[in-house]
Amino acid sequence: MELEYRKAALDDLEMLVKTRVEVLRAANKLDENVDMSEVKKESRNYYLNSLENGLHTAYLVFDGNNFVGTGGISYYAVMPTFHNPTGQKAYIMNMYTRPEYRRKGIAAKTLDLLVQDAKSRGITAISLEATDMGRKLYEKYGFLDMKSEMELPFQKSTDNISVKR
């Protein structure tokens, strides 16, 4: 098995959108009948803007012509802090390896490529959301649980956005 880890470019737009939908279907256990047209549209817009402006790096992994995995990292700025004086941060997302290729080091290598990309930009703060399946990989790499962060989730409604209680 000779794998190719390819840094995605705008030419890969349709493949990125397709793999994003595949990742979301797998992560959320969604079958093929679930409408993902809005996700496709917004993912295409996201990749167009973010790749053009250097705000996202993605890797696509292939075994010959077969797509086997992916991972991405988004870059953003927050107000500078004592521990992060530049305010530059990164968020790893879209980590996925097709089931038949798992436990072969593909996700670990993809993760390392993304972290190295962030380091080359001077980023000192990288976060991610870990699934149960990915948690061991991230812990082994050195990621730590964030105990001080919180989130206010909103539920989608037809009339307005309401706070989940």
Check: Any idea how far the Cα center of segment 30-66 sits from the one of segment 102-136, in Å?
Finding: 18 Å
Margin query: I want to make sure I understand the PRE zone here: with the label point 7 angstrom from the Cα of His83 toward its beta carbon, which residues in segment 96-130 have backbone N atoms less than 11 Å away?
Written below: 125-126
Item checked: Sites matching chymotrypsin sites (Phe, Trp or Tyr not before Pro) across segment 5-85 that sit in DSSP coil, with at most 13 neighbouring C-beta atoms within 10 Å -> Phe82
Notebook entry, point to check: Picking from Ser37, Ser120, Ser148, which is most flexible by a Gaussian network model of the chain using Cα springs under 10 Å?
Noted result: Ser148
Checklist line | Count, lysine Cα pairs under 15 Å in the chain, 8 or more residues apart or across chains | finding: 8
Notebook entry, point to check: What number, in percent, do you get for the relative contact order of segment 3-163 if the mean sequence gap of Cα pairs under 8 Å and at least 6 apart is divided by its residue count?
Noted result: 17 percent
Next item on the list: Just the ratio, please: alpha-carbon radius of gyration of segment 21-156 over 2.2 N^0.38 Å, N its number of residues.
Entry: 1.12
Next item on the list: Please find, in a Gaussian network model of the chain (springs between Cα atoms separated by less than 10 Å), the residue of Val39, Val23, Val78 whose mean-square fluctuation is greatest.
Entry: Val78
Next item on the list: Given the options Pro153, Pro80, Pro99, state which has the largest fluctuation in a GNM of the chain using a 10 Å cut-off (strictly under) for Cα springs.
Entry: Pro153
Check: Could you state the per residue volume, in Å³, of the convex hull enclosing the Cα atoms of segment 33-102?
Finding: 152 Å³
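Bear in mind that the values in this text are calculations on the coordinates, not laboratory data. Keep in mind it's a predicted model, so treat the numbers as computed, not measured. Note: ideal-geometry Cβ built from the backbone for every residue, glycine included; neighbour counts use all protein chains shown.
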